[in-house]
Amino acid sequence: MDSREPAQAPAHTPASLATTLATLRAAWLKRRPDFAQRRTDLDHLAAAIKAKREAIVEAINADFGRRASVETLAADVMVTLEEIKHVRKHLRSWMKPKRAPINVLFLPARGEIRYLPLGVVGIVAPWNYPFQLAIIPLVDAIAAGNHVMIKPSEFTPRTSALIRELCAAVFPPERVTVVEGGADVGAAFTALPFDHLLFTGSTAVGRKVMAAAAPNLTPVTLELGGKSPALIAPGFDLALAAERIATGKLFNAGQTCVAPDYVLVPEAQRDAFIDLFFAAVAKRLPTLGDNPDLTCVINPRQSQRLREWLDDAKQRGVAIRQHTPDDGKAAPGEIIPPTVLIDPPDEARVMQEEIFGPLLPVKGYRTHDEALAYILGRDRPLAFYPFDRDRARLERTLDTVVAGSVCVNDTLIQFGQHELPIGGVGASGMGHYHGHQGFLTFSKAMPVMRQARLNGMFLFDQPYSGLMKRVLDFLTR
Ligand code: NAD
């Protein structure tokens, strides 16, 4: 496929989507994927991804205008292959029923938990890591024995077409189907009576998805966004914090759900931190326009949004510093220079909404408690990055801030861990996936109790005996 010309996707209507779901469900009811099938599927999927490695890099590059190939290989291809490898390795043991202890009063009955597939799972993906955010949920869902319908993002049409072709090459359409389309298709898709729905995207659309799922009581996993703070404690090596925050902010041009959104730094160290941050940026990006390692902002709509937020801050008198080694015009797509906004007020748009781009508000704080109160006074973040080497203070911080995930003294890397469950809390989402948690999300953990031939349940038969009354009297006294 030519990565610049996505193949025309078939149009979808609510009725055609319902028919597709009915086909997937009928096939699933007829034959559920067993262990051998699931493992074969995972092997075929991994082989297809490896074979399409270059095409994936090209498609995402074309969709973004420019996407650093290292970023695509690491964050779209490698993490997906790693997930497949991990799931494949553990699948047999995850699928095995697990013994569960039975309350002593009910012995000698036995208990177990069996892991049943749910049926047909719907997956809706965003544009920022367009491959992995569609395929990792697919991996977890097929590992659990489900059939799957995927709706990738309309803002990455080449990648979405590639995902459709790749899935069609690996799976028959009655087991996995990819439907393309925009918000209208997304709305109709999420109103379908899936057995589970995993949505990755913005908090605003997440609200609509939950409302669309409610009439069907479809369980939802919502992987949403929000503002993820980095909190630098007094005494922490400022240069190291600046380096790690620069990496987290510049990767994919800040278009990462778990990117550090803003920085809280002791007031007296604020300016030194900003200098060190720009030193780290300059080291990473000596040029912008012609730099193959700098990913573009996905489209003019997003870069326009970021420029408007900058203008909004300027109008409020916020001091702004930018890294502009060149004008960025040599880039094949949209470039926003890495920018620091110094102490923006809470009313500024950069402090109201998730930034999702290379803008970094840096706010000075006076006391650690003040910094914690600032974080606690806002929506629960998707990610939280404390930089601190004082054990007691760090423990207090970790016991205080409730976030989707935390990485201490670095950024982003918690997202790539197989057995750290991925998911937000409150406005940043609900539910988890990746690794075993993903298998569990797409399974019904069904408790089964097996009654023994000889047991004491006759005690519950009327007329209730004096023995039963004495037993209850003893247990409840
Ligand atoms: P978005 O919410 O605009 O779109 C996500 C998907 O939802 C797209 O496929 C879109 O077509 C679909 N959609 C749009 N309107 C819909 C509707 N009314 N009903 C159902 N579906 C609809 O998000 P985006 O701009 O593609 O992605 C950026 C957001 O995603 C950011 O907020 C980011 O933080 C978040 N995100 C979260 C994670 C995570 O793991 N928590 C990962 C990546 C991105």
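Derivation of every value follows stated rules applied to the coordinates shown; laboratory data play no part. No experiment lies behind these values; they were computed from the predicted model shown. Here the Cβ is made from the backbone with ideal geometry for all residues, glycine too, and neighbour counts use every protein chain on show.
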Magnitude of the charge dipole, the chain, Cβ model with Lys/Arg +1 and Asp/Glu -1, debye to 20: 2220 debye
Quick calc: nm separation of the 7 Å Cα→Cβ label points for Met446 and Lys50 -> 3.6 nm
Taking amide H positions as placed in the peptide plane 1.01 Å from N, state which residues far from Lys227 in sequence (5 or more) or on other chains have amide H under 5 Å from it. Leu382
For every other residue with a beta carbon closer than 14 angstrom to the beta carbon of Glu154, add +1 if it is Lys or Arg and -1 if Asp or Glu, then tell me the sum. +1
With charges only on Cβ, +1 for K and R and -1 for D and E, what is the dipole size of the range 229-420 about its Cα centre, in debye, rounded to 20? 100 debye
Helix 157-170: inclination vs the chain longest Cα principal axis, degrees, rounded to 10, gives 30 degrees
Given the candidates Val471, Ala204, Ala169, the one whose Cα lies deepest towards the positive end of the charge dipole of the chain, counting +1 at each Lys or Arg C-beta and -1 at each Asp or Glu C-beta, is Val471
Where does the charge balance sit around Val185 when Lys and Arg score +1, Asp and Glu -1, over other residues with C-beta under 11 Å from its C-beta? -2
Taking amide H atoms as placed 1.01 Å from N in the peptide plane, list the residues 5 or more away in sequence, or in a different chain, whose amide H sits under 5 Å from that of Ile336. Val297
Net charge over other residues, Cβ less than 11 angstrom from the Cβ of Gly119 (K, R count +1; D, E count -1): +2
Choose one of Ile56, Gly182, Ser93: the residue whose Cα lies farthest towards the positive end of the charge dipole of the chain (beta-carbon charges +1 Lys, Arg; -1 Asp, Glu; about the Cα centre). Ser93
Applying 1/(1 + (r/R0)^6) with R0 = 25 Å to the Cβ-Cβ distance of Arg391 and Asp237, what FRET efficiency is obtained, to the nearest 0.05? 0.95
Which of Gly317, Pro344, Asn299 sits farthest toward the positive end of the charge dipole of the range 271-344, with +1 on the Cβ of Lys and Arg and -1 on the Cβ of Asp and Glu? Asn299
Based on the alpha-carbon gyration tensor of the chain and its eigenvalue square roots a ≥ b ≥ c, which shape applies: rounded if a/c is under 1.5, prolate if not and a/b is larger than b/c, or oblate? oblate
Once phi is turned into θ = phi - 60°, what whole-Hz ³J(HN,Hα) does the Karplus curve with 6.51, -1.76 and 1.60 give for every residue of the range 388-397, x standing for Gly and Pro? 7, 10, 8, 4, 5, 5, 4, 4, 5, 4
Would you kindly state how much longer the chain becomes between Arg110 and Met468 on full extension, computed as 0.36 nm times their sequence separation minus their alpha carbon distance, in nm to one decimal? 126.6 nm
Give, to the nearest whole percent, the P(r) tail of the range 229-420 beyond 28 angstrom, counting all Cα pairs. 21 percent
Could you run the Karplus curve 6.51 cos²θ - 1.76 cosθ + 1.60 with θ = phi - 60° over the range 255-267 and give me ³J(HN,Hα) per residue in whole Hz, x for Gly and Pro? 8, 10, 4, 9, 4, x, 7, 8, 10, 10, 9, x, 3
Determine, for each peptide in 89-100, 300-311, 382-393, the mean count of other beta carbons within 10 angstrom over its residues, then list the peptides with the highest first. 382-393, 300-311, 89-100
Please compute the length gained on full extension between Ala27 and Ala15, using 0.36 nm multiplied by the number of residues separating them and subtracting their Cα-Cα distance. 2.5 nm
Report, for the chain, the % of DSSP beta bridges that are antiparallel, rounded to 5. 35 percent
Taking the Cβ-Cβ separation of Leu459 and Arg207 as r and a Förster radius of 41 Å, what is the calculated FRET efficiency to the nearest 0.05? 0.20
